[in-house]
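Take a look at the structure set out below.
The values are calculated or read from the model by the stated rules, or taken from the named source; none is laboratory data. Just so it is clear, the model here is predicted, and its values are computed rather than measured. Glycine gets a Cβ as well: all are built from the backbone with ideal geometry, and neighbour counts include every protein chain shown. Areas reflect the complete protein model, heavy atoms only, side chains present, ligands, DNA and RNA absent. Shrake-Rupley method; radii C 1.70, N 1.55, O 1.52, S 1.80 Å.
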Amino acid sequence: MTRKEAALLRQRESALNTYLASRPVGVVAASLSRSYGLPLQQVETIMRRFGYA
């Protein structure tokens, strides 16, 4: 992975963190994975950090 790709991944993860911090209702991991271009497992891990089951 290049530095540019790694930076883009961190930026997407940060954006997802910001979105989940707003406590949205009815979020679906698969949909967020597609929207943010992150692996599903990573999205699920981030969601658990914010208290989503």
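Residues that are aliphatic (A, V, I, L, M) and either open to solvent by 90 Å² or more (accessible area, probe 1.4 Å) or within 11 Å of the chain's Cα centre (by Cα) (or both) were ranked within the range 1-20; the one that is farthest from residue 49 (Cα to Cα) is 1. Identify the residue in the range 21-33 that is open to solvent by 70 Å² or more (accessible area, probe 1.4 Å) and under 14 Å from residue 51 (Cβ atoms) and, among all such residues, is farthest from the chain's Cα centre (by Cα). Only one residue fits best here, namely 25. Scanning the range 34-53 for residues that are open to solvent by 70 Å² or more (accessible area, probe 1.4 Å) and either more than 11 Å from the chain's Cα centre (by Cα) or among the charged types (D, E, K, R) (or both) yields 34, 44, 48, 49, 53. Is it true that some residue in the range 37-44 is assigned to a loop (DSSP other than H, G, I, E, B) and either touching a strand residue (DSSP E or B) at 6+ places or on another chain (Cβ under 8 Å) or in contact (Cβ under 8 Å) with a residue 24 or more places away in the chain (or both)? Yes, the range 37-44 contains a residue that is assigned to a loop (DSSP other than H, G, I, E, B) and either touching a strand residue (DSSP E or B) at 6+ places or on another chain (Cβ under 8 Å) or in contact (Cβ under 8 Å) with a residue 24 or more places away in the chain (or both).
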